[in-house]
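Following: one structure in structure tokens, then a few remarks.
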């Protein structure tokens, strides 16, 4: 399969499309950073009821997940719903998509809460502190969990077991490649999953493309790729000659 500009769809992205089209509602996307895992969670599959990104950090609390009381300018306190509950509720008819971004960075104290919020529609429950009503995820609720980890064994076992499918993303999303100048697409695709010392995300190539508009290619490459700059410039020159 190919996308715009005749860019082939890598197998990993074809796998994501196939899994989502089949209705799988719990999916882990793992692998090198900067390949579009978060983009996929927010944009691929059925997201008609909304997609909500929850960026996991060491400092996150229950407030980020379920919500918290916050003061208004009037001095009164009101309840602000967290991203997971928003995804549960979706559009009020169907559940939405929760994207748990960089889940490996979440602290251990809230692991049990993440387990509860990613449970099945039949089992998940949460009591709203304002209304006292029991909230459940609506039908259609789905979760995409992303991580830059290379080994799934590094994730908490209980959390990993919530997700029956894990796909390693080893190539940038085709739409991201299509946004690059044509001569940078092949190097960016190759560098996304190269050896750690020569691995660069598509964001780095986007920055290089911007810098070389006002700087020499050598200077722009030095700023973006460091010790690998000469190899990148040489590869681009060879590509230019071949084209």
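No lab work stands behind these numbers, since they all come straight from the coordinates. Nothing here was measured: the structure is a model prediction, and the numbers come from that model. Here the Cβ is made from the backbone with ideal geometry for all residues, glycine too, and neighbour counts use every protein chain on show.
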Check your understanding: Could you give the nm distance between label points at residue 170 and residue 93, where each point is 7 Å from its Cα heading toward the beta carbon?
Key -> 4.2
Review point. Alpha carbon centre of the range 120-143 versus the range 70-108: separation in Å?
Key: 12
Check your understanding: If you rank 88, 69, 126 by fewest surrounding Cβ atoms within 10 Å, what's the result?
Key -> 69, 126, 88
Practice item. Show that you can apply the helix-only estimate: for the chain, add -39,500 (n - 2.57) for every DSSP H stretch of four or more residues, divide by all residues, and state [θ] at 222 nm to the nearest 500. Key: -9500 deg cm²/dmol
**Study point:** Degrees, to the nearest 10: 202-211 long Cα axis against longest axis of the chain
**Key:** 50
Exercise for review: Determine which residues of the range 202-231 fall in the zone a paramagnetic label at residue 238 would reach in this model, i.e. backbone nitrogen under 14 Å from the point 7 Å along Cα→Cβ.
Suggested key: 230-231
Check your understanding: Using r as the Cβ-Cβ distance of residue 150 and residue 190, and R0 as 30 Å, what FRET efficiency do you calculate, to the nearest 0.05?
Key -> 0.95
Review point. How large is the convex hull of the Cα atoms of the range 124-191 per residue, expressed in Å³ as a whole number?
Key: 162
Study note, to complete from the structure: Row for the range 75-132, column shape: gyration tensor on C-alpha, a ≥ b ≥ c, rounded if a/c < 1.5 i.e. under 1.5, prolate if a/b over b/c, else oblate; value oblate
Check your understanding: Taking neighbour Cβ counts within 10 Å as the exposure measure, how do 214, 73, 142, 171 sort from fewest upward?
Key -> 73, 214, 171, 142
Revision key, fill the gap. The simple spin-label model distance between residue 55 and residue 161, using points 7 Å out along Cα→Cβ, in nm, is 3.2
Check your understanding: Dividing the Cα radius of gyration by the Kirkwood radius, what Rg/Rh value follows for the range 180-242?
Key -> 0.92
Point to revise | Ascending count of other beta-carbon atoms within 10 Å, so fewest first, for 122, 89, 62 | key: 122, 62, 89
Point to revise | In degrees, nearest ten, helix 182-191 long axis to first principal axis of the chain (Cα) | key: 70
Review point. Going by the alpha-carbon gyration tensor, a ≥ b ≥ c the square roots of its eigenvalues, is the range 60-106 rounded (a/c under 1.5) or, if a/c is not under 1.5, prolate (a/b greater than b/c) versus oblate?
Key: oblate
Check your understanding: On a 0 to 90 degree scale, rounded to 10, what angle separates helix 11-21 from the longest Cα axis of the chain?
Key -> 30
